[in-house]
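The values are calculated or read from the model by the stated rules, or taken from the named source; none is laboratory data. Bear in mind the structure is a predicted one, so any value in this text is a computation, not a measurement. Cβ coordinates were reconstructed from backbone atoms using ideal geometry, including for glycine residues, and neighbour counts include every protein chain displayed.
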Amino acid sequence: MRILVLNGPNLQLLGKRQPAVYGHQTLASINDGLEAIAGELQISIDFRQSNHEGELVDWIGEAANEFDGIVINPAAYTHTSAALHDALAGAALPAIEVHISNVHAREEFRHRSFTASACTGQICGLGTNGYEWALRALHRHLSESET
Ligand code: CA2
């Protein structure tokens, strides 16, 4: 099982700014934790982060040939990007959307997700642990759809 973990704009700043909102873990330490779980689940993960919408669109578009599923935090593009919605819908891979913060308890503009309807499910508000739950949920979903 091959999983693509995608992070969108500004998430390279995790652990370096706004710890009250996004926690103390850096993106590298989150990815290290996921790598350890990947060993346990016997899956492989490719980790990518971009601040550029088109690059994320390209990676999702190519993913259908290379991966079985996607964990994605589209960050601010969640609330703006029809292009990411269309890329996820076009890839037709199981995908779990993650938000570290509870977007529904924040500003109104964060309440709408363009991307969630093209995903299998969404996890938000559980801090950086949400990436782990998303990975485990995707693994379970893919394992069940194999049987
Ligand atoms: O809660 C999440 O995971 C978000 O996807 C994070 C996005 C935000 O636009 C979404 O509404 C919710 C922001 C990511 C920016 O990350 C930073 C991390 C540290 C310091 C500054 C920004």
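In table form, for the structure just shown:
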{"quantity": "Subset of the range 84-107 (residues that are away from the ligand (no atom under 16 Å from the Cβ) and either modelled with pLDDT under 95 or in a helix (DSSP H, G or I) (or both))", "calculated": "86, 87, 89, 90, 91, 92"}
{"quantity": "Condition check for residue 44: touching a residue at least 40 places away in the same chain (Cβ under 8 Å) and away from the ligand (no atom under 16 Å from the Cβ)", "calculated": "yes"}
{"quantity": "Residue, farthest from the chain's Cα centre (by Cα), within the range 12-47, restricted to residues that are surrounded by fewer than 17 Cβ atoms within 10 Å (Cβ to Cβ) and under 17 Å from residue 93 (Cα atoms)", "calculated": "44"}
{"quantity": "Where a residue in the range 94-106 is closer than 11 Å to residue 128 by Cα and hydroxyl-bearing (Ser, Thr, Tyr) and its partner, wherever it lies, is more than 7 Å from the ligand (Cβ to nearest atom) and assigned to a loop (DSSP other than H, G, I, E, B), with Cβ under 7 Å and at least six apart", "calculated": "101/125"}
{"quantity": "Of all residues in the range 128-140 being crowded, with 17+ Cβ neighbours inside 10 Å and of a type outside the set (A, V, I, L, M), the one that is nearest to residue 12 (Cα to Cα)", "calculated": "128"}
{"quantity": "Filtered residue count, the range 21-41, keeping only those that are farther than 18 Å from residue 126 by Cβ, touching a residue at least 24 places away in the same chain (Cβ under 8 Å) and in contact with a strand residue (DSSP E or B) (Cβ under 8 Å, 6 or more places away or on another chain)", "calculated": "1"}
{"quantity": "Where residue 92 falls short, out of the listed (1) of a type outside the set (Val, Ile, Thr); (2) closer than 16 Å to residue 27 by Cβ; (3) surrounded by fewer than 23 Cβ atoms within 10 Å (Cβ to Cβ)", "calculated": "(2)"}
{"quantity": "Segments classed as helices (runs of 4 or more DSSP H), wholly inside the range 1-81, with at least 2 members that are farther than 21 Å from residue 112 by Cα and at pLDDT 95 or above", "calculated": "27-41, 53-66"}
{"quantity": "Qualifying residue in the range 86-105 (condition: of a type in the set (A, V, I, L, M) and in contact with an Asp or Glu (Cβ under 6 Å, 6 or more places away or on another chain))", "calculated": "no"}
{"quantity": "Candidate set from the range 57-83 (those that are within 10 Å of the ligand (Cβ to nearest atom) and over 20 Å from residue 47 (Cβ atoms)); member that is farthest from the chain's Cα centre (by Cα)", "calculated": "80"}
